[in-house]
Every structure is written in C-alpha cells, then in structure tokens.
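Reading through the structure tokens given below for one structure.
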Amino acid sequence: MLWYKSWLETRWRFLIGLALLLCSAAATVFTYPQVMKLMPMVPANISGPLGERIREAVVLARDYRGYVWSQWFRQNGRQWTTLFAIILGTAGILTPASGALFTLSLPVSRARLLGVRAATGLLELLLLAFVPSLLIPMLSPAIQQSYSVGSALGQAASLFVTASAFFTLALLLSTFFDDPWRPLMIALAIAIALGIVAQIFRIHRFGHVPWGLLLTSAVASLVLYYGAVINLQHRDF
Amino acid sequence: MVEHVIETSDLRKSFPGIEALRGLDLQVPAGSICGFLGRNGAGKTTAMKILLGMVRPTSGEARVFGRTPDVEVRRRAGFVSEEKDLYGYMTVEEMIRFTAPFFPRWRADLEKKYLRKFNLPPDRKIKALSRGMRTKLALLLALCRGAELLIVDEPTSGLDPAMAEEALQAVVGHVADENMTVFFSSHQIAEVEQIADRVAIIDRGRIVMSGALDEIRESFRRIQLVFEGDAPQTEFRAPGVTHVRRNGRVLTLLASGAPDSIVDEARALNPLSVDIVPVTFKEIFLESVNTEE
Amino acid sequence: MLFKPNPSLGVPIYLQLMEQVKHAIETSALRPGDQLPGIRPLAEELVMNPNTVAKAYRELEREGIIELRQGAGAFVSQSVRVRKWSETLREAQTLVSGAVGRLRERGITDDEIRRLFEAALAGLTKTGARRG
C-alpha cells in the first residue's frame, strides 16, 4: 500500500512533467524544418568563442542527428528531465502536514519508507527519460527524417543515469527539512551551477558517450541515497 | 514474563535549547488504563514519541513489551497523535484500506462495527472531515489493528463534550472487550478520573507521582493549622508530608498516608485549630505540579 | 437505573457505583435474584473503567449483596436484606440530630460541627480544637 500512497503523492508532478516533456520533444521534431530554412541566414563571420559556438551549432544542425542531439538530449530534454528529477525527489517527504506521525507509527522501517519513495520516483523518472525520447523516432517520419530507436534508447538511458543523481540529491536534501521548498531550491541551484560547469568544460560532446560522467553519476546516486537513509534514521519527528 | 507493558528508566531527551525529559521513570502495567497527566510542555508528547520510535532518547532506557521501540513494537501498538495526523488527500475508505494490510491481526469485524457506530462516510476525503470525525477515524485505525497497547495523545482535544464522551466510550468499550492496555495523555483531569485506573503525573520532564488512582485519591489529605501568630517555619519530620504552604497565620500541609503522626507533630506546635479535609484529585495534581524546584 | 458516577465528588468511583446498586436494591428497583448488567456493557454504557466496575462488583459480593456466578453474570443475592429506604433514612436522621444536639450542648458551634463531620467522613478521628 505504500506504493499506492507514493503514487498518489507524486502523480501530478509526474503527469505534468510527462506532458511537458512530450510537448517539448514533439516541438523539437516539428521545428526542424523551420530551423533548416533559417540556416543560410546565420552570419558566418562572427569572431571569438561565441562565433565558434554558432558555427558549431550550424554544423550540427545540418545533420538531423546532430540537431536532435544538441536541441533535445543536450539541452531541452536534459534540462526538463533534471528539473523533474528534483521535483520528484522532493515529493512525499515526511512533514507534519502530510501525516508524518501516522506514517511513522506504522510497523515499517524508515529505510523501507524511503526505499518505496525512491523506487516510485525513479520509475517515474525512467518513464520521463524514455517515453518523450522515444517519441522522436516515432514522429521524425512526419518531417521526412528518420532517427534510430536504438540511438534514442541509448541516449535516454544516459539522461536517466545523470538525472537520477539529481533525484537522489533532492531526496537527501529533503531528509533535512520539514518542507519541500528549501530542498528543491537548493537542488535546483546546484543543478544550474553544474550545468554551467558542464557547458564551460564541454562535457557533453556529440558522438561521444560520456562514460566518466555516467560513472560519476551512478556512484553519486548510490552515495547520496545511502546518506539519505542514514540521515532519515537519525532524525527526530 | 513481562508485567509492565511500558517501562522507562531515567529517560532523558534534550532538543536544542530545551530539556524535554529529565530522567523519566515510568511503569505501566498490562491491562490498565493509565492517564498521563501534565501541564502543556511537560514532556508528555515527547515521551510518547520515544515509546514508538519516532524520537530517539538522549540517554536512559525505554521499553515497550520488553523491547526497545522498533518495528515490532509498532505492529503491536496503536498510536493516535494529538493532531490526529492522517492523509488529507485520501478518502476514509482508502485510509482504512491503506492501513489494514500492515497488521496481520486486523479485525474486519471491528472495522464494520466502528464505521457504523462512528457514522464515518467512506467516500469523503479526510481533509473534508471535521475534527471530531478525524479523531474517530484515527481511533478506528488504532483500535482495529488488534493491538495490545493503545497510546493516545490528548484523545479529546478539540472535541465538543458529546464527541469527547463518544471517543472515551469507544476506548473504554474496546478495553472491556479486548485484552488491552491504554496509555493516554491529557490535561483534562475529569477525563482521567473518569476512565483511568492508574495515573502518572509528569512535570518538567520528570514523573512526580504515579500509581493506582484510587489509592492516590484515598491517601491524600489536606491538614490545615491555624496559629495565634505567624505560622512557624518548622520542617515537618513525619513521613508523608508532601507539600507545605505558609500564608500568614495559616499553615497548610498536603499529606499522604496515615495522618496520625503528622497530626501529633502538628499539635506539638500549639495551633489554634487542626483541620483534616479530604482532597480532590484535581488539587493533588495542582499541588504536584506547582512546587518550585 | 445506574447513573454515571461523578469523579470530582471526592468519593471513589467504585464506592459510588456500590451505593447506587445498594440504593437500587433498597428502593426495590433491583429485587433478590435480579441480574445486574454485565461488567463490560456497563463500563461502556457509563463510560468508566471496566476494572472499576469489576472492583465494585467484587466488593458487593464480599458484602454479600450480590453473587457472581461463573459464566452467567452478577445477580442480587437471595438473602440480601431489603429495607425500606425511608426506614433507613429515618434512623439515620435520628442519629444525626441526636449527635448535633449533644455537641451543641457542649458549646460547639455549628461551623465546627460541620468540620467535625467532614473529618469523620474522610475516615479520620483525630481533629483537634484548642479554644483560645
């Protein structure tokens, strides 16, 4: 029954997130023809790092795969997924308003309570990472393009792994506070900061699987989750 | 054999800036209805939360069913918090269906009985229930789980007299039919006197009095001495004198046990009059929690 | 026929319940052989502790007023003496007026007499009064 409760507590966040991501993914596909039309108008003679970036973007966009990668998997999809990973991670926490004392009076260990919450959230995150991404190969024929399902799956998996780290970060932060807002703000701030760092250091590169990043994310997820369990067990309610 | 369902020994709990419990020694025997009385902020809720594992003690021991509070204790005990915490977004029916599977000894017969008796609308969301209905639902959830111990924090707070009586009746009726111990906190003395057979009075984080309610009531007397001049400052050496108050020419003693030796000692001071008056439990309580440290 | 005892009277609840049963017998509301309410239903109806009801019943049995039959319940003793309440009251009144009269003869004021009765009701015999 804990699963059902978790679902009830997270379903709106999940459904809204899914709707937003699906729209964003569809928009990515359907704006491609327009982008292609605008390509020739991009000035090619801007100097400096900004010019470099613009030329890079143009080169990428010429190829549909590059376009999808840079617009969806590196940018919009990643940002939305990270945002909702954090929103899901701060859902269903134990607060006085949400019947925390009742939950804690049940014959369930705190580790199990957190485990169910984490598992529901990660399952929902999995769907958020994969379903919109799979929409792209499905919709691409509509604009006379094609995108391989295998490629979408692989990149969605990468999205999921990195987003999970933010999910468990939000989970850990939520065990410190009595409200969902402060952990959410803090996690968002950290995510934005890390995003900027990733951009400066060009961690995401087209055509390369970021193994280092994936490994770090996976390890971080485990450590953060473990921290969340320990902190929850030491708290007084 | 464990005879005390609840037992604490020098239990202490400090929060930042507050010492909630300062060495609590509590024993609640099986089968009793024990009233846990104290002023607001005396430490009642903290003690209860420790018994259920929601709060960890700073030092000292707390045992329920002979165990440190853990998952197993919560399987055999029911808890109703002061705020009657429940999930506002669930309906009454959903709340019951959510709770029942946690308890292998869930009593479906009692569930039907209390749903009917309390008149709870199964499809109404809990956030739309009145305070009284929420209390009844919380009691239902605690009583149907086949528990051996019921811990209730302020069972009738926020309830009008009729609802309060219904809540107490449910508890008493349940105890009558099942073999159960009840440990409830209250600052309504009348309510405690009505249904408790044992009491424990907590003041500033310590137990200042505990035992069978009838025995406590029968053993206390107020002895009033009036003097010609100002009341003397003597210490009373006779055993049983618990509180002494001087007010001009009047010396008032609260004494437990046989008053004979006290009266003898009192007479030796040459008072104008010695009066022995019975004392209500309310007065015993007020005296116990008003002593300056 | 049995009412909720009043905790704030200063009289133990089980004693109040015993008095109610005795009163019911004396006014013939309960006759010898009648069955009393069961401990559990009575506790629930009066919203009082079942242990207290049990204690009252045990004391009544000890005094020979009721019988507790295993498995069947509590019944008013066949051999309990039934006295008319008015008779009992009349006797009591005579005793009290006699005592009051004698105390007044000794110069003891009404207030002091009242205090003496209070102390006696509390089960104690020693009160001292020193005339100044």
With +1 at each Lys and Arg Cβ and -1 at each Asp and Glu Cβ, the charge dipole magnitude of the stretch C:7-76 around its Cα centre, to the nearest 20 debye, comes out at 140 debye
Pull up all non-local amide H partners of B:Gly211: gap of 5 or more, or a different chain, and H-to-H distance under 5 Å with H placed in the peptide plane. B:Val199
Any idea which of B:Ser185, A:Ser109, A:Pro33 is furthest toward the positive side of the dipole for the protein assembly as shown, if Lys and Arg beta-carbons carry +1 and Asp and Glu beta-carbons -1? A:Pro33
Take each uninterrupted DSSP H stretch in chain A, measure its Cα extent along the helix axis, and return the ones at 24 Å or beyond whose mean Kyte-Doolittle hydropathy is at least 1.0. A:110-139, A:149-174, A:181-200, A:211-234
Karplus (6.51, -1.76, 1.60) ³J(HN,Hα), θ = phi - 60°, over the stretch B:150-157, in Hz, Gly and Pro reported as x: 10, 10, 10, 9, 6, x, 10, 5
Which length gain, in nm to one decimal place, applies between A:Met138 and A:Ala220 when the Cα-Cα distance is subtracted from 0.36 nm times their residue separation? 26.2 nm
Most positive-pole-ward Cα, B:Gly31, B:Ser81, B:Pro278, against dipole of chain B from beta carbon charges: B:Ser81
Total charge dipole magnitude, the stretch A:108-237, about the Cα centre, Cβ charges on Lys, Arg, Asp, Glu only, Debye to nearest 20: 180 debye
Given R₀ = 35 Å, what would the calculated FRET efficiency be for B:Ala108 paired with A:Asn231, taking r from the Cβ atoms and rounding to 0.05? 0.35
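Within the stretch B:9-100, list the chymotrypsin sites (Phe, Trp or Tyr not before Pro) lying in a DSSP loop whose Cβ has at most 15 other Cβ atoms in a 10 Å radius. Each step should come with its number before you reach the end.
Details: sites: B:Phe36, B:Phe65, B:Phe79, B:Tyr87, B:Tyr89, B:Phe98; in loops: B:Phe65, B:Tyr87, B:Tyr89.
When the chymotrypsin sites (Phe, Trp or Tyr not before Pro) of the stretch B:9-100 are filtered for loop state and at most 15 Cβ neighbours within 10 Å, B:Tyr89 remain.
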Loop sites only, by DSSP: take the trypsin sites (Lys or Arg not before Pro) in chain A that have at most 16 other C-beta atoms within 10 Å and name the longest stretch containing none of them. A:1-201
Skipping prolines and chain starts, which residues have an amide H placed within reach, meaning under 5 Å, of the one on B:Gly23, given they are 5 or more residues away or on another chain? B:Leu11, B:Arg12, B:Lys13
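Between C:Glu19 and C:Glu45, 0.36 nm times their residue separation minus their Cα-Cα distance comes to what? Provide the component values of the computation, followed by the final result.
Details: separation 26, 0.36 × 26 = 9.36 nm, distance 1.79 nm.
That pair, C:Glu19 and C:Glu45, stretches by 7.6 nm at full extension.
Apply the a/c threshold of 1.5 to the C-alpha gyration tensor of the stretch A:164-237 and tell me whether it is rounded, prolate or oblate.
Numbers: a/c = 4.27, a/b = 1.86, b/c = 2.29.
Oblate is the answer for the stretch A:164-237, as a/c is 1.5 or above yet b/c matches or exceeds a/b.
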Here the gain from full extension of A:Ile203 to A:Ala27, 0.36 nm per residue of separation minus their alpha-carbon distance, amounts to 60.8 nm
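Using DSSP to call loops (not H, G, I, E or B), can you name the GluC sites (Glu not before Pro) in the stretch B:193-283 whose Cβ has at most 12 other Cβ atoms within 10 angstrom? Could the numbers behind the result be given before it?
Numbers: sites: B:Glu193, B:Glu215, B:Glu218, B:Glu228, B:Glu235, B:Glu265, B:Glu283; in loops: B:Glu228, B:Glu235.
Sparse-neighbourhood loop GluC sites (Glu not before Pro): B:Glu228, B:Glu235.
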Computed over the Cα atoms, what is the radius of gyration of the protein assembly as shown divided by 2.2 N^0.38 Å, N being its residue count? 1.41
Sequence-distant lysines (8 or more away, or on other chains) whose Cα lies within less than 29 Å of B:Lys125: A:Lys5, B:Lys49, B:Lys84, B:Lys112, B:Lys113, B:Lys117, B:Lys136
Each residue of the stretch B:3-12 in order: what ³J(HN,Hα) in whole Hz does its phi give by Karplus 6.51 cos²θ - 1.76 cosθ + 1.60, θ = phi - 60°, with x for Gly and Pro? 9, 8, 5, 10, 8, 10, 9, 6, 6, 10
Could you give the distance between the Cα centres of the stretch A:162-190 and the stretch C:98-121, to the whole Å? 78 Å
7 Å from Cα along Cα→Cβ at both C:Arg106 and C:Glu91: what's the point-to-point distance in nm? 2.5 nm
In terms of modelled amide H atoms, which long-range or inter-chain residues lie less than 5 Å from the amide H of B:Ile202? B:Leu37, B:Gly38, B:Val208
Karplus (6.51, -1.76, 1.60) ³J(HN,Hα), θ = phi - 60°, over the stretch B:43-56, in Hz, Gly and Pro reported as x: x, 4, 5, 4, 4, 5, 5, 5, 4, 9, x, 7, 10, 9
Rounding to the nearest 20 debye, state how big the charge dipole of the protein assembly as shown is about its Cα centre with +1 on each Lys and Arg Cβ and -1 on each Asp and Glu Cβ. 2140 debye
With a 10 Å radius around each residue's Cβ, average the other Cβ atoms per peptide and rank C:60-66, A:146-152, highest first. C:60-66, A:146-152
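Every number in this text was worked out from the coordinates using simple rules, so none of it is lab data. The model shown is predicted, which means the values in this text are computed figures rather than measured ones. Positions of Cβ are backbone-derived with ideal geometry, glycine not excepted, and every protein chain shown enters the neighbour counts.
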